[in-house]
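First up is the structure itself, then whatever we jot down about it.
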Amino acid sequence: MSRQSNVRGNGVDAAVEAFQRNDPVCLHDAANREGETDLVYPARAVTSDAVARLRNDAGGLICVALGHEVAEAFALPFLQDALDHPAASDHDLSYDDRSSFSLSVNHRDTETGITDVDRAKTIQALGSAAATHEQISFADRFRSPGHVHLLRAAEGLLDDRQGHTELGVALAEAAGLPPAVVVCEMLDEQTGDALTPSDAVAYARDHDLPYLEGRQLLERLG
């Protein structure tokens, strides 16, 4: 039985339906983890307007999370393993065993790579690449370093790790989409901290977006 056929209930259903319409969702991981809400899009749906929204409304780091099989097909390393530098030897994370960061990339057809148009081109191409990963050369389409940060989902997805990387990829799978999503932390411009869950709920309500707790996905899809 597919992940999609197991989806029931208002919270997860609303998020799945939003993804299928190429709309974003607000996704909170857990209070005992990062305690952050990310604005999450299917990678294939990200336009330059969406990048501007991620910059202005969310404000965190714009990343593309890829499923394990896709990352393996493209030989994308965990950045911590690829860096030969003492700073990479111990991440000392209070909420996780390791970082999911991989390479940062630009599409080869971009100029500087940082503009909204350039980042949208890179992100859309990553979404397409995730759907056809066995048929393309990653290095032919992308160069590194760049301005879009890649994240590698854990091999067992939610069974192994419950970060925004895995939650976002699981949501894409539930929606029947390629395992490539954009995640960006929502920050509070007044306090400089992460946006509180109550403020994230208010943002979602004001913008007619689904708000989803990570535990809801874990209960349904984990």
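The values are calculated or read from the model by the stated rules, or taken from the named source; none is laboratory data. Predicted, not measured: the structure shown is a model, and the values here were computed from it. Heads up, the Cβs are rebuilt from the backbone with ideal geometry, glycines too, and the neighbour counts pull from every protein chain shown.
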**Prompt:** Tell me, which residue of region 5-22 that is within 14 Å of residue 218 (Cα to Cα), modelled with pLDDT under 95 and part of a helix (DSSP H, G or I) is nearest to the chain's Cα centre (by Cα)?
**Reply:** 12
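Residue by residue, here is whether (1) hydrophobic (A, V, I, L, M, F, W, C); (2) at pLDDT below 95; (3) surrounded by fewer than 18 Cβ atoms within 10 Å (Cβ to Cβ) holds:
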| position | (1), (2), (3) |
| --- | --- |
| 86 | no, yes, yes |
| 102 | no, no, no |
| 111 | no, no, yes |
| 118 | no, no, no |
**Item:** Residue selected from region 124-139 under the condition out of contact with any His (no Cβ under 9 Å at 6 or more places or on another chain) and surrounded by 14 or more Cβ atoms within 10 Å (Cβ to Cβ), by the criterion modelled with the lowest pLDDT
**Value:** 133
**Asked** What helices (runs of 4 or more DSSP H) completely inside region 23-109 contain at least 1 residues that are over 29 Å from residue 204 (Cβ atoms) and touching a helix residue (DSSP H, G or I) at 6+ places or on another chain (Cβ under 8 Å)?
**Response** 68-73, 79-82
**Prompt:** Within the bounds of region 140-151, is there any residue that is modelled with pLDDT under 95, within 16 Å of residue 65 (Cα to Cα) and surrounded by 13 or more Cβ atoms within 10 Å (Cβ to Cβ)?
**Reply:** no
**Fill in**
For region 189-222 the number of residues that are assigned to a loop (DSSP other than H, G, I, E, B) and either among the acidic types (Asp, Glu) or surrounded by fewer than 18 Cβ atoms within 10 Å (Cβ to Cβ) (or both) is 9
**Message:** Looking only at region 176-188, count every residue that is at negative phi, part of a loop (DSSP other than H, G, I, E, B) and surrounded by fewer than 20 Cβ atoms within 10 Å (Cβ to Cβ) and tell me the total.
**Reply:** 1
**Message:** Can you find a residue that is at pLDDT 90 or above, surrounded by 17 or more Cβ atoms within 10 Å (Cβ to Cβ) and of a type in the set (Lys, Arg) anywhere in region 55-73?
**Reply:** no
**Prompt:** Is it the case that region 129-141 has a residue that's under 19 Å from the mean Cα position of the chain (by Cα), outside any helix (DSSP H, G or I) and over 17 Å from residue 36 (Cβ atoms)?
**Reply:** yes
**Request:** Spot the failing condition for residue 137; the list is (1) in contact (Cβ under 8 Å) with a residue 24 or more places away in the chain; (2) over 23 Å from residue 170 (Cα atoms), and only one is missed.
**Result:** (1)
**Item:** Conditions (1) surrounded by fewer than 18 Cβ atoms within 10 Å (Cβ to Cβ); (2) in contact with a Ser or Thr (Cβ under 9 Å, 6 or more places away or on another chain); (3) modelled with pLDDT of 90 or more; number of the one not met by residue 107
**Value:** (1)
**Prompt:** Looking at region 15-51, which of its residues are surrounded by 15 or more Cβ atoms within 10 Å (Cβ to Cβ), hydrophobic (A, V, I, L, M, F, W, C) and farther than 13 Å from residue 172 by Cβ?
**Reply:** 26, 30, 39, 50, 51
